[in-house]
Ligand code: AMP
């Protein structure tokens, strides 16, 4: 097996723990969790942040969403508190919005599974009562928006005198939202002898000053600052599609259907994703094979042979698996996930466009990851065009064109005499053009042209300078209208729309159960996310009244969510669900 010259061979320990994570000092129970999640190696921010954090150092990290920063601070935090004093809560993670609180809370839960760490997300907009109860029982890790954290501190339902670790996540966003004073007030309540980590996508002076006030001799880490070596980035047509997470799978299938690549490498971040994506593509009639670090050598050889000989057109891989392989030139590299750094991106897309040949690189990303995409553009000095996701009509037109081309080619190159008799006999009873149309229809159908397709909802794309991640606009954080003094030139926080004022692109869903039935926002988020299989980050404002609740969801998903919720049970009972009208 040949190796790429500029990268080390794939780790030999393909079974068992990732040597990369183990070398960072993480303990066996965490390694087991990472193994189960299918993480093969640490991302750059994880490699740099985990050792100092495990050693108890304060940290100032510049990293955007998509770099793996949540695990970078959560894994050491969990390991430290698992071995520290048992008082609760032992760790506090402050985040700017409700959505992030939920998301980070879920991540802490996932990463802390083997350690049996308990976590609670508290955020504005959530009924405060149930939070008292959970706080009284005691949890290891609190993930909170600053406004709601302060509320609890003032009511003395949250006591921070035992806190060992504090994380400020997306600190620049928190300051943008006017939380500077709240942060100071919260940190004042924590013990002096604690560890503090601050992460921010940008490092303006305001962040430096907060770091100066609250961090002790921090280790500083900046990710993706090193420009990629000149000439390292290949000349490849680069395109990106921005979609919400729940639509990533459908988008991948759509772009592959559109591009009909002869040979493509599809990159995923984890083994688990590699397997899911491979199954999904095969289910849609593609010939896809998975390759990842968990496979034995003979299995890999079989897959690579199938790919080299064209039996398989799609190879779905993790970075680690692909690194150790001698992969032939491919027509397309598709990033199902944005890679965690510019270096990995360049290495991935270097598989296409080799030796003057044409190549295309396609990336699917979450709105929250656009900052990382821009940083990749800066460092590769290459433009990545953000394009709208192809519509059903686009795909249909493409398929028809493909059928046309296939027929034309057959007309030019194939021996058609054998079929002339059939055509003549059919034409005897009708119009020859009709015969041809019927034949084309059958080919179109045989090529899968009539497979039912659904539109993938577009997200409103704003120019980068004014862009706010979509789910934030849609999001609800009552923390947000806590006096955020609008500095000139700064964006005003988006207030919560009143019941009459739904946000653009969002629909309001009426659910016939409310406070009287013991409904909490988490129940609704849970029901929608689990039953309708949508990511909780797309859910907007939640309003709970005595007898009913109203949840904002993206318009394009409303119908599906209403259908599914109407059929399922919320807190054990059936409830009426419909579009909310004034
Ligand atoms: P974050 O930047 O924390 O929002 O993480 C971005 C995504 O990367 C999440 O979906 C994580 O599950 C995933 N991720 C984080 N670390 C790794 C890793 N070492 N290997 C693979 N995926 C990862």
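Worth pointing out:
- Working note: Cα gyration tensor of the stretch 339-413, eigenvalues times five, square-rooted, sorted largest first, giving semi-axes of 33, 18, 8 Å.
- Computed lengthening from residue 450 to residue 213, 0.36 nm per intervening residue step minus Cα-Cα distance: 79.0 nm
- Residue list for the stretch 398-429, given a label point 7 angstrom along the Cα-to-Cβ vector of residue 438 and an amide N cut-off under 15 Å: 420-429
- Segment residue 260..residue 545, full-extension length gain: 97.6 nm, with 0.36 nm per residue of separation and the alpha-carbon distance subtracted.
- Among 336-344, 544-552, the order from most to least packed when residues are scored by Cβ within 10 Å on average: 336-344, 544-552
- Taking every C-alpha pair closer than 8 Å and separated by at least 6 residues, the mean separation divided by the residue count of the stretch 114-240 gives a relative contact order of 20 percent.
- Reduced Cα scattering model of the stretch 19-222, Debye log10 I(q)/I(0), q = 0.13, 0.18 Å⁻¹: -0.64, -1.30
- Translational diffusion coefficient (Stokes-Einstein; Kirkwood radius from C-alpha pairs) of the stretch 500-582 at 10 °C, 1.306 mPa s, in µm²/s: 129
- Translational diffusion of the stretch 53-142, µm² s⁻¹ [Kirkwood Rh, Cα pairs; Stokes-Einstein; 4 °C; 1.567 mPa s]: 93
- Peptides 178-185, 365-372 ranked from most to least packed, by the mean per-residue count of other Cβ atoms within 10 Å: 365-372, 178-185.
- Note on residue 396 and residue 222: the model spin-label points, each 7 Å out from Cα along the C-beta direction, lie 5.2 nm apart.
- Rounded, prolate or oblate (a/c below 1.5 giving rounded, otherwise prolate when a/b exceeds b/c) for the stretch 116-171 by Cα gyration tensor: rounded
- Euclidean distance of C-alpha centroids, the stretch 259-301 and the stretch 114-162, integer Å: 42
- At R0 = 30 Å, FRET efficiency that the Cβ-Cβ distance of residue 272 and residue 162 yields, to 0.05: 0.25
- Counting Cα-Cα pairs of the chain in 20 Å increments starting at 0 gives whole-percent bin shares of 18, 49, 26, 5, 1.
- Added length on full extension, which subtracts the Cα-Cα distance from 0.36 nm per residue, residue 280 to residue 458: 61.9 nm
- Rounded FRET efficiency, nearest 0.05, which uses the C-beta distance separating residue 86 from residue 32 and R0 of 25 Å: 0.65
- The stretch 103-196: proportion of alpha-carbon pairs further apart than 24 angstrom, %: 18
- What the Cα atoms of the stretch 161-285 give is an Rg and a Dmax of 21.9, 61 Å.
- Ellipticity at 222 nm from helices only: DSSP H runs of n ≥ 4 in the chain, each -39500 (n - 2.57), divided by the residue count, give -12000 deg cm²/dmol.
- Taking only Cα atoms of the stretch 236-386, radius of gyration then Dmax in Å: 14.3, 40
- Between the Cα long axis of helix 271-283 and the first principal axis of the chain there is an angle of about 30°, rounded to the nearest 10.
- Rel. contact order, % - alpha carbon contacts under 8 angstrom, at least six apart, the chain: 16
- Segments 285-297, 429-441 sorted - mean Cβ within 10 Å per residue, highest first: 285-297, 429-441
- The fewest-to-most ranking of 95, 330 by surrounding Cβ atoms within 10 Å reads 330, 95.
- Antiparallel DSSP beta bridges within the chain, percent to nearest 5: 25
FYI, it's all coordinate maths here, none of it is from the lab. Just so it is clear, the structure is predicted and the values come from calculations on it, not from any experiment. Here Cβ is always computed from backbone atoms with ideal geometry, including for glycine, and neighbour counts include all displayed protein chains.
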